[in-house]
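The values are calculated or read from the model by the stated rules, or taken from the named source; none is laboratory data. This is a predicted model, so every value here is computed, not measured. Positions of Cβ are backbone-derived with ideal geometry, glycine not excepted, and every protein chain shown enters the neighbour counts. Ligands, DNA and RNA are stripped out before the accessible areas are found, and what is left, the full protein with its side chains, is counted by its heavy atoms. Shrake-Rupley method; radii C 1.70, N 1.55, O 1.52, S 1.80 Å.
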Amino acid sequence: MTQLEQAQSGRITPEIEAVARSEQLPAELVRQEVARGRMVIPANRVHLQKGLRPIGIGVAARTKINANIGKSALGSDLGCELEKLAVAVRYGADTVMDLSTGEDLSATRRKIIDAAEVPVGTVPLYQVAQELDDIADMEPQHFLEVVEQQARDGVDFMTIHAALLREHLPLTERRLTGIVSRGGSLVAKWMQVRGQQNPFFTCFGQLCEIMRQYDVTWSLGDGLRPGCLADACDEAQLAELKVMGQLARQARQLGCQVMIEGPGHVPMDQIERNVRLQMQWCDEAPFYVLGPVVTDIAPGYDHITSAIGAAMAAWYGAAMLCYVTPREHLGLPTLDDVRQGVIAYKIAAHAADVARGRPGARQRDDAISKARYYFQWEEQFRLALDPETARRMYEESRGAVCEPAAEYCSMCGPKFCAMRTTEQLRQMIRQHSPRS
């Protein structure tokens, strides 16, 4: 039985218990959320045997973030991707996706799964496309075999673009940037050349059988996500979202856990509508969004443009945020790009968790604020999302201006430090207060 089926039968699994402890939630509440499909626990049985730490993704849990890694035919290698995995997890990624293309995909995936204590996701179509000269040559059975192979390897969640239908293709003709999803464009080409319906849609039941066998979580891919602000919330995107809701219900009926993937470029004023429609049409299945990027004019800074949208989406109810790095739209992320992307998204996710009042979310904020008031620099560094950068900036400033362990920072200095002055004021008030 899958986590969904066990939760629906009333059983609190060890994985549900682990999620409850991590989230500071009652185990029965977690069970109920999983049972109704509003929370998923991506935990392939194979990966569990290799040391996977289960997590819960859903609106009742803290907001999760995903880091995309993976080599390409143009650069990087397995060693570099394993380093990116380590950096992503170190700075707070809750899941990773191996989006590798190029040679030796199976070996790369297995090494990443073996090294990861967090859930690992993939896009199986990338492997199929790599093995063929032309995606139009793909046969549905080939895809089914690849999905089963990846499930056997221990992949915890898979992005499959099953909701992009042949009748949706004309809806993209007026788009400024067309189809920007790699998987979506490959599926679209296959349908156009073959003159047939999306094979992932027609084989959906068979795919569910494989997913259920290993308890792989569906991540229904949005092949028609908007790639620029001009295309956001258009007819094509929303038509696919409605089909996602239909497939999510079918998957749950067949015992499978389901997430819904969300758009990439959306103006700020349309983010709430996106989240509300997804909740309505997909029965509140966990929403997994890429960004969204809220302006198209900042290449090199899209970890910032997207983190703005990500924080808003999480505030409105998105359950997981797929990070965007500074190198988005420009190239394969470096190690430092991965670090910057993860930290930007931890900020977005944490801000939403604080605003939504999730259990324990503000404890760290209060602790670092107390340390800041009492000039406890080491404690501030320990509590920071990026301790190394915080320490480096402090020490660079201290070396120029501050004395060691100063009770002020170099920005204000001792004369203008408001917290130092406040503490002096409090001492004066205490000294002159009447004794009881």
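Tabulated data for the structure shown
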read-out: Positions within the stretch 60-81 being more than 24 Å from residue 41 (Cα to Cα) and either of a type outside the set (A, V, I, L, M) or in a strand (DSSP E or B) (or both), in sequence order; value: 71, 72, 75, 76, 77, 79, 80, 81
read-out: In the stretch 3-27, the residues that are in a loop (DSSP other than H, G, I, E, B), open to solvent by less than 30 Å² (accessible area, probe 1.4 Å) and either over 24 Å from residue 208 (Cα atoms) or in contact with a strand residue (DSSP E or B) (Cβ under 9 Å, 6 or more places away or on another chain) (or both); value: 25
read-out: Strands (runs of 3 or more DSSP E) contained entirely in the stretch 82-181, each with at least 2 residues that are closer than 21 Å to residue 251 by Cα; value: 120-122, 157-160
read-out: Candidates 18, 60, 67, 27, filtered to the one that is of a type in the set (Gly, Ala, Ser) and in contact with a Leu (Cβ under 7 Å, 6 or more places away or on another chain); value: 60
read-out: Unmet requirement for residue 164, which otherwise passes all of (1) open to solvent by less than 10 Å² (accessible area, probe 1.4 Å); (2) aliphatic (A, V, I, L, M); (3) in contact with a Cys (Cβ under 9 Å, 6 or more places away or on another chain); (4) under 20 Å from residue 238 (Cβ atoms); value: (3)
read-out: Pairs where the first residue, in the stretch 113-126, is on the phi < 0 side of the Ramachandran plot and charged (D, E, K, R) and the second is surrounded by fewer than 24 Cβ atoms within 10 Å (Cβ to Cβ) and part of a loop (DSSP other than H, G, I, E, B), C-beta under 6 Å, 6+ apart; value: 117/51; 117/53
read-out: Some residue of the stretch 269-281 being open to solvent by less than 20 Å² (accessible area, probe 1.4 Å), part of a loop (DSSP other than H, G, I, E, B) and within 19 Å of residue 218 (Cα to Cα); value: no
read-out: Failed item in (1) more than 22 Å from residue 159 (Cα to Cα); (2) in contact (Cβ under 8 Å) with a residue 24 or more places away in the chain; (3) touching a Gly at 6+ places or on another chain (Cβ under 9 Å), with residue 305 passing the rest; value: (2)
read-out: Scope the stretch 314-360; condition open to solvent by less than 50 Å² (accessible area, probe 1.4 Å) and part of a loop (DSSP other than H, G, I, E, B); matching residues; value: 317, 318, 319, 323, 324, 325, 326, 331, 333, 358, 360
read-out: From 146, 155, 187, residue being touching a Ser or Thr at 6+ places or on another chain (Cβ under 7 Å) and either at positive phi or aliphatic (A, V, I, L, M) (or both); value: 155
read-out: Residue that is modelled with the lowest pLDDT, among those in the stretch 371-422 that are of a type in the set (Phe, Trp, Tyr), over 26 Å from residue 337 (Cα atoms) and open to solvent by less than 50 Å² (accessible area, probe 1.4 Å); value: 408
read-out: Matching residues, the stretch 72-89, being at pLDDT 95 or above and either under 15 Å from the mean Cα position of the chain (by Cα) or small (Gly, Ala, Ser) (or both); value: 85, 86, 88, 89
